[in-house]
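So the structure is just underneath, and the comments pick up after that.
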Ligand code: AMP
């Protein structure tokens, strides 16, 4: 089966209408392309859960800050189409920016509260860009389910909030982070790293693992868990920390003690890449079980 590539709002609307007319279920996997095994895991799950899967590829200008990597972000539609096909999805929606943001557009979606901390602090307009584009994609694809990765934990929680608040009739499914065998979380931005920087980038997952081991041995104080992670991070030079925080897994508010599930999240610059990673301490009510 060859994947069908749609480029315009009119095309996707027509296709979705025809699927809906015969009552077939739709899964949506929004991405920015440069696909890897993390994206493929979302697609495979959607293919399993739904009759049709629409993967979207759109490097969303609205979620990049003025000094960020919008121009450099990798674009490789042909290779991505093969990955989408290999994961079993039939429809790829790859619009151009004016299809998503018509000339003179003035409508945006903002989620408050959850977007204030963590990445919201370093990237002030980022989540407004994410929620605006995801709302548009949910309207165009009207999926039964939409799939997101725990890798972008704050994004997943912000989107769940938006879907609840605006009453979208879609289930938001959040799937575990896919990692390299050595622990590095897969990311399209990993390709910015030189071999030496890639080795340095392992400091993030190693620090999270150190805190998780500390948690497993019974430690529940945020200060001690954070200290463990910070000490581990400081062993690797050239990792410029944006934040390291322990927050409630659902509200994303900082906590003093882990009682229910907590999210330990880190963001750091390694060479040209800004990388993020996280681990949940305790049983998450947000993240679905492994494939
Ligand atoms: P992106 O293309 O980076 O915007 O990501 C598209 C979707 O893939 C988001 O829901 C991400 O959270 C998810 N994703 C990215 N990396 C991973 C990963 N390593 N494991 C699981 N999901 C991921």
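The values are calculated or read from the model by the stated rules, or taken from the named source; none is laboratory data. Worth saying up front: this structure is predicted, and the values here are computed from it rather than measured. With ideal geometry, Cβ positions are generated from the backbone for all residues, glycine too; neighbour counts draw on all protein chains shown.
Points worth noting:
- If you check 135, 141 for being touching a strand residue (DSSP E or B) at 6+ places or on another chain (Cβ under 6 Å) and modelled with pLDDT of 95 or more, only one passes: 141.
- Condition met for residue 187 (touching a strand residue (DSSP E or B) at 6+ places or on another chain (Cβ under 8 Å) and at negative phi): yes
- Test for residue 85: is it surrounded by fewer than 19 Cβ atoms within 10 Å (Cβ to Cβ) and either within 17 Å of the chain's Cα centre (by Cα) or free of Cβ contacts under 8 Å to residues at least 24 places away in the same chain (or both): no
- The residues on offer are 152, 165, and the sole one that is assigned to a helix (DSSP H, G or I), loosely packed, with under 14 Cβ neighbours inside 10 Å and assigned by TED's automatic domain parsing to the domain that holds residue 41 is 165.
- Members of the stretch 44-67 found to be without any contact (Cβ under 8 Å) to a residue 60 or more places away in the chain and within 17 Å of the chain's Cα centre (by Cα), listed by number: 55, 57, 59
Per-residue answers, yes or no, for (1) away from the ligand (no atom under 14 Å from the Cβ); (2) without any contact (Cβ under 8 Å) to a residue 12 or more places away in the chain; (3) assigned to a loop (DSSP other than H, G, I, E, B); (4) surrounded by fewer than 16 Cβ atoms within 10 Å (Cβ to Cβ):
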{"residue": "189", "(1), (2), (3), (4)": "no, no, no, no"}
{"residue": "198", "(1), (2), (3), (4)": "yes, no, no, no"}
{"residue": "204", "(1), (2), (3), (4)": "no, no, no, no"}
{"residue": "207", "(1), (2), (3), (4)": "yes, no, no, no"}
{"residue": "223", "(1), (2), (3), (4)": "yes, no, no, yes"}
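- Elements of type strands (runs of 3 or more DSSP E) contained in the stretch 3-115, each with 1 or more residues being closer than 25 Å to residue 187 by Cβ and within 16 Å of the ligand (Cβ to nearest atom): 26-31, 52-57, 91-93
- Selection status of residue 263, touching a strand residue (DSSP E or B) at 6+ places or on another chain (Cβ under 6 Å), farther than 22 Å from residue 157 by Cα and outside the structural domain of residue 151 (by TED's automatic domain parsing): no
- For the condition assigned to a helix (DSSP H, G or I), buried (at least 17 other Cβ atoms within 10 Å of the Cβ) and touching a strand residue (DSSP E or B) at 6+ places or on another chain (Cβ under 7 Å), residue 229 qualifies.
- Annotation: of all residues in the stretch 148-179 being free of Cβ contacts under 8 Å to residues at least 60 places away in the same chain and within 9 Å of the ligand (Cβ to nearest atom), the one that is farthest from residue 114 (Cα to Cα) is 179.
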